[in-house]
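Participant: Quick one: the structure is below, questions incoming.
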Amino acid sequence: MATVILPARFNEWTGGADQVVVDARDVRQLIRALDERFPGLGERLRDGVAIAIDGEIINDPLFEPIEPDSEVHFLPAISGG
Amino acid sequence: MARKTHVQTTINGEQTEFLCHPHQSLSEVLRDELHMTGTKEGCTTGDCGACSVLLDGRLVCGCLVLAIEAEDTEITTIEGMASGEKLHPLQQKFLEHAALQCGICTPGFLIAAKALLEHNPDPTEHEVRYWLSGNLCRCTGYDKIVAAVLDAAQSMGGDTR
Amino acid sequence: MSESNGSDRKFKWVGTRPIRHDGVDKVTGRANYGADFDLPGMLHACMLRSPHAHARILRIDTSKALALEGVKAVITSDDIPELALTDASGPTNFSDLSRNVLARDKVLYHGHAVAAVAATSTRIAQEALALIEVEYEPLPHVLDLRAAMAPDAPILHDHMRTKGVDPTPDKASNIAAKMELSRGDVDQARAYADIIIEREFETATVHQGDIEPHACVAQTNEDGQTTVWASSQGHFMIRAYSARLLQLDISQIKVIPMEIGGGFGGKTTVYLEPIAIVLSRKTGRPVKAVMTRDEVFRATGPAPATLINVKFGANRDGKVVAAKCKLVYEAGAFPGSPVTAGAMCILAPFDLDHFLIEGYDVVVNKPKTAAYRAPGAPPAAFAAETVIDEIAHELEIDPLDLRRNNAVSKGSQAAYGPKFSDIGLLETLDALRAHPHYSAPLGENQGRGFAVGFWFNAGMQSSAEVKLNEDGTAIVIEGCPDIGGSRASMAIMAAEELGIDVYKVRPVVADTETVGINDTTGGSRVTFATGMAVIEASQEVVKQCCQRAASVWDIDPTDVIWQDGCAVATGDGAKKLEKEDKLVPMPIAEIAAGAARTGGPITGKASLNARGAGPAFAVHLVDVEVDRDTGKVEIVRYTTIQDAGRAIHPAYVEGQMQGGAAQGIGWALNEEYVYDADGVLANPGFLDYRMPVALDLPMIDTVIVEVPNPRHPYGVRGVGEVPIVPPIPAIANAIHDAIGIRMRKLPMSPPNVLAELVRASGGA
């Protein structure tokens, strides 16, 4: 079960939950599972979002694998100059 | 619009003729009429030095010289710096020292440095910095440019042509 | 998962300093930049720009301009599609972008484009601009962040409601968005603080200052097929944005990258390209558009002015236990300042469990800000790194000891969320202490300071192709504009994999139809991500070479390895060949020459969305000398230390470190947008917008630290952006060391420093 850390900006959907445990093998499954638990959140996580899986950031992923003990963070996508 | 004026000049040792309007700058004519785009334009107000050329051996901003002033003069541009297949030592040292990043200011720096070494074959770091302060570079922090010019001066040993 | 970061690999080319492959073109003037390209029959475009900082457009009459001999077309926002206000993708709102390219209904800053003319010469186009009649209703404007946030401020966008506030406000505001980042319990943690320091910082609007003004040529055929020659940080971005703004198919636009004369983030969006495309479509002729320097300052991407409040609580050992930060960044005329990045950066280098960070994105009547090298990070570092220095002085602890005591390392949880893997902050701080500069004697009125910089670095999408030529030389095709020597890095990586001489590899930055999609050159991502694609594509070529050799030798491909540019048989295959007396390596040239017979041309391709860009840390050390009579700050000595993961071409890594430092020095000491009371930019030129010249700077010493990034095959992490982060606080700390005054407002220019000196001496 991967641990997902949810930033405060998603409080509107998560009701303030800041950390949840999710069974998912890739990012798409993870977002689906989160959307089932917090309806409407999935939409927020699909566009212009970066995800850090075990500290490694990737922009706009869908099929990136998630290990059972992974820690997943959702971040605003930062591209840089 | 006013009729164009006929100008006869020497560019990089070659007799050249062109027609220009009285308002046109030398850098404009070099670039737009003669297609010698090695001379760059970063500001057209004489502040960045990207359009540096030599006019009768004197370092000038091409954007501040009227093209008609080129009549009966000798102009050196970046296109005239290498001879045949051999780069000028300054060009070679710029490459070896990685003294360019984006490269837009490079022709201007090379022309300005050439003028410096013709004027002062053995400059100090401070003299190089002073002389090149009419040329803006936003990429390198000048370190490698100054190093390349000092190294070129040394390798040329006073032969600054 | 194999994680070879090359830490145990012996490199032949990586870490060497070959002459860049595009070098001769660039020292001879042959390299063609945005404005260096012409086509027969080409028209020249000029823009009419707003004389007001804020006004309603009541009427535009272009008839007199159109009637001028030589004028072929005049366009306004009526000639481009009006997009829905919500037309956005990620952080880019295309309605805003469209309205920035050509103002619709309102002008929002002095210099905002209102109309465009195409004529047979620039001169005629300029004359035509004066003939366009625009009737404006001037509106009150707002330039200052505090004033823009005030309840009675003139509102730029009537539809704008502050995002990130619950419930959504029912009243329009200039605060486009509020964001928050927190962990732990700040108020509770404050109880453990022995010292609390709260300070307010202010930074000015600055510009990227790329020496090449924005420029492009567009040619639209009668069937709508368009070619654009443009200098930018990303020709795929130019294509995608232009298509989106003009509602064209992406396949209708081809963008050919010209050499780019500096970007620093300022060429990561479109200004001229959609206009040139529309003008070309209207006239059936190629159209060239080149900005003047004045236009570049007035209408392209400044980096934001900021207001930052930082409150740090530390225990008596100097360990920061709690922090509160409030960042207010100006976005310019449309939402989208880099405040999110600034907020995510400000505490990233600190190992800290309790904090609250608030960020505000605020619109003002200035040009829309664009990315600028580590966008948002330098002002944030100015605040945090100055306060931490102040804590060290208050507690009388060595600032470097204290800084190290608060530094993040592997396993620390970054303030922006995830845990850091291998990072090099401690290593750079240790290199700082070991550097002779750190303990060198100082002269009178001189002071020394240092500061830490952090930047995320980006991965994103890259595509590359490696083609083996018939003689064993190779072409590398990629699609990231080379802004500072990246072609050489790509060639080095291909040469390393292929085992051939670096000069036998020719790197090419290809157009949008020749190579797969490449995201923009930005985010310090090219050597990391595009390099990764080049390595993968080269490995594919090697794999095919091994297979061809195996076929020729009639052995199992698994018995062939690649060594020094040759296929070499091993195991059972080697035994078989030995028996036949044929056991000799097969060089790449021989494989390439025989490719037709063994299966056809050998090429490798790779496309990827790179994960795991290694975060970058840099430490800068600076000595300044302050003239107490004039307030002028002289940079006496400067040393930059940075973790590059692995330096592919060390000379260009050093170049990034030195160039970033120089930009940061300019930002710290002199650069600022100066506006008059009417909201008109008073210094839109290089004479009055004072960037550093050679005489302003000393040599900039560099120390490259290499803590390999586990996610890159060679250990690369981006190097381009982070060096602009530490200079401002390092210089502020050095000024304090020299004269005992804390500068908290930028620029630290002679008048501002002198004012503080006078105040400190009790003067008026």
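Participant: Given a 1.4 angstrom probe, I'd like the percentage of the accessible area of segment C:137-194 that is carbon and sulfur, rounded to a whole number.
Facilitator: 52
Participant: Over the Cα atoms of segment C:317-399, what Rg and Dmax result, in angstrom?
Facilitator: So, for segment C:317-399, Rg and Dmax equal 14.7, 46 Å respectively.
Participant: Would you mind working out the accessible area per residue for segment A:2-76, using a 1.4 Å probe, and quoting it in Å²?
Facilitator: Ligands and nucleic acids excluded, the result is 49 Å² per residue.
Participant: Is the shape of segment A:2-76 rounded, prolate or oblate, going by the alpha carbon gyration tensor and its root eigenvalues a ≥ b ≥ c, with a/c under 1.5 for rounded and a/b larger than b/c for prolate?
Facilitator: Rounded.
Participant: Moving on. Treating cross-link reach as a plain straight distance, find the lysines whose alpha-carbon is under 17 Å from the alpha-carbon of C:K504, omitting any fewer than eight places away in the same chain.
Facilitator: Of all the lysines, those that pass the test against C:K504 - Cα under 17 Å, at least 8 places apart if same chain - are C:K12, C:K467.
Participant: Something else: State which entries of C:K178/C:K326; B:K114/C:K26; C:K632/C:K745; C:K543/C:K579; B:K93/B:K114 exceed 20 angstrom in Cα-Cα distance in the structure shown.
Facilitator: Table pairs above 20 Å Cα-Cα are C:K543/C:K579.
Participant: Report for chain C the percent antiparallel among DSSP-assigned beta bridges with both residues inside it, nearest 5.
Facilitator: Just about 75 percent of them are antiparallel.
Participant: Moving to a separate point now. Provide the per residue accessible area, probe 1.4 Å, for chain C, rounded to a whole number of square angstrom.
Facilitator: Heavy-atom SASA per residue in chain C reads 35 Å².
Participant: Compute for chains C and B the buried accessible surface, both sides summed, probe 1.4 Å, and express it in Å² to the nearest 100.
Facilitator: The buried area between C and B, both sides summed, comes to about 4100 Å².
Participant: Could you tell me how far the Cα centroid of segment A:6-70 sits from the Cα centroid of segment C:634-665, in Å?
Facilitator: So the separation of the two Cα centres works out to 37 Å.
Participant: Here is a further query. In the protein assembly as shown, what is the volume of the convex hull around the alpha carbon atoms, normalised per residue and reported in Å³?
Facilitator: Taking the convex hull of the Cα positions in the protein assembly as shown, it is 187 Å³ per residue.
Participant: OK, next. What does the C-alpha gyration tensor say about the overall shape of chain C? Classify as rounded when a/c is under 1.5, otherwise prolate if a/b is larger than b/c, or oblate.
Facilitator: oblate
Participant: In a shell of Cβ-Cβ distance under 9 Å around C:G660, excluding C:G660 itself, what net charge do Lys and Arg (+1) and Asp and Glu (-1) give?
Facilitator: My count for the surroundings of C:G660 gives 0.
Participant: Let me check against my output: what whole-number percent is the relative contact order of segment B:1-134, with C-alpha pairs under 8 Å and at least 6 apart?
Facilitator: Relative contact order for segment B:1-134 comes out at 25 percent.
Participant: How charged is the neighbourhood of C:G164? Take every other residue with its Cβ under 11 Å from the Cβ of C:G164, and add Lys/Arg as +1 and Asp/Glu as -1.
Facilitator: -1
Participant: Also: Where Rh is the Kirkwood radius over the Cα pairs of segment B:46-119, the temperature 37 °C and the viscosity 0.692 mPa s, what D in µm²/s does Stokes-Einstein return?
Facilitator: 255
Participant: Additional query: From the P(r) of segment B:89-156, could you give the percentage of C-alpha pairs in the tail past 21 Å?
Facilitator: Result for the distance tail: 9 percent.
Participant: Given axes a ≥ b ≥ c from the Cα gyration tensor, I'd like to know whether segment C:567-700 is rounded (a/c under 1.5), prolate (a/b larger than b/c) or oblate.
Facilitator: Here segment C:567-700 falls in the prolate category.
Participant: To continue, here is another question. Indicate the helices, whole DSSP H runs only, in chain C that combine a mean Kyte-Doolittle hydropathy of 0.0 or more with a Cα extent along their long axis of 24 angstrom or more.
Facilitator: Answer set is C:377-395, C:531-553, C:650-669.
Participant: Can you compute the helix-only [θ] at 222 nm over chain C? Use -39500 (n - 2.57) per DSSP H run of at least 4 residues, normalise by all residues, nearest 500 deg cm²/dmol.
Facilitator: Using -39500 (n - 2.57) per qualifying helix, the result is -8000 deg cm²/dmol.
Participant: Which value, in nm² and rounded to one decimal, describes the direction-averaged projected area of the C-alpha convex hull of segment B:1-152?
Facilitator: Spelled out: convex hull of the Cα atoms, projected over all directions, averaged, 8.7 nm².
Participant: Give me D for segment B:5-80 in µm² s⁻¹, whole number, from Stokes-Einstein with Rh from the Kirkwood sum over alpha-carbon pairs, 37 °C and 0.692 mPa s.
Facilitator: Using the Kirkwood radius from Cα pairs, D works out to 277 µm²/s.
Participant: Counting only protein heavy atoms, probe 1.4 Å: which residues of segment B:92-140 lose 30 Å² or more of accessible surface in the full assembly compared with their chain by itself?
Facilitator: The answer is B:L95, B:A98, B:L100, B:Q101, B:C102, B:I104, B:R129, B:S133, B:L136, B:R138, B:C139 - residues whose exposure falls by at least 30 Å² when every protein chain is included.
Participant: What whole number of Å gives the distance from the Cα centroid of segment C:285-360 to the Cα centroid of segment B:1-36?
Facilitator: 48
Participant: A follow-up question, please. For C:K419, list the aspartates and glutamates whose Cα falls under 13 Å from its own Cα; do not include residues on the same chain fewer than 8 positions away.
Facilitator: Here the aspartates and glutamates satisfying the reach criterion relative to C:K419 are A:D54, A:E56, A:E71, C:D351, C:D353.
Participant: Taking the alpha-carbon distance from C:K319 and a cut-off under 19 Å, which lysines remain once sequence neighbours fewer than 8 residues away in the same chain are dropped?
Facilitator: Partners found: C:K311, C:K410.
Participant: Where both residues lie in the protein assembly as shown, what percent of DSSP beta bridges are antiparallel, nearest 5?
Facilitator: 80
Participant: Also: Order C:M291, C:M460, C:M699 by their accessible area, 1.4 angstrom probe, all chains in place, largest first.
Facilitator: Result of the area sort, largest leading: C:M699, C:M460, C:M291.
Participant: Right, here's the next one. Give the carbon-plus-sulfur fraction of the accessible surface of segment C:615-764 in %, rounded to a whole number; probe 1.4 Å, heavy atoms of protein chains only.
Facilitator: 50
Participant: If you average the C-alpha positions of segment C:100-153 and of segment C:707-752 separately, how far apart do those two centres end up, in angstrom?
Facilitator: 36
Participant: Excluding C:H354 itself, what net charge comes from residues whose Cβ is under 14 Å from its Cβ, given Lys and Arg +1 and Asp and Glu -1?
Facilitator: With Lys, Arg at +1 and Asp, Glu at -1, the neighbours total +1.
The values are calculated or read from the model by the stated rules, or taken from the named source; none is laboratory data. Only a predicted model underlies this, so the values are computations on that prediction, with no experimental measurement involved. Positions of Cβ are generated from backbone atoms using ideal geometry, with glycine treated the same way; all protein chains shown enter the neighbour counts. In case anyone asks, the SASA skips ligands and DNA or RNA and just uses the protein heavy atoms, side chains included. Shrake-Rupley method; radii C 1.70, N 1.55, O 1.52, S 1.80 Å.
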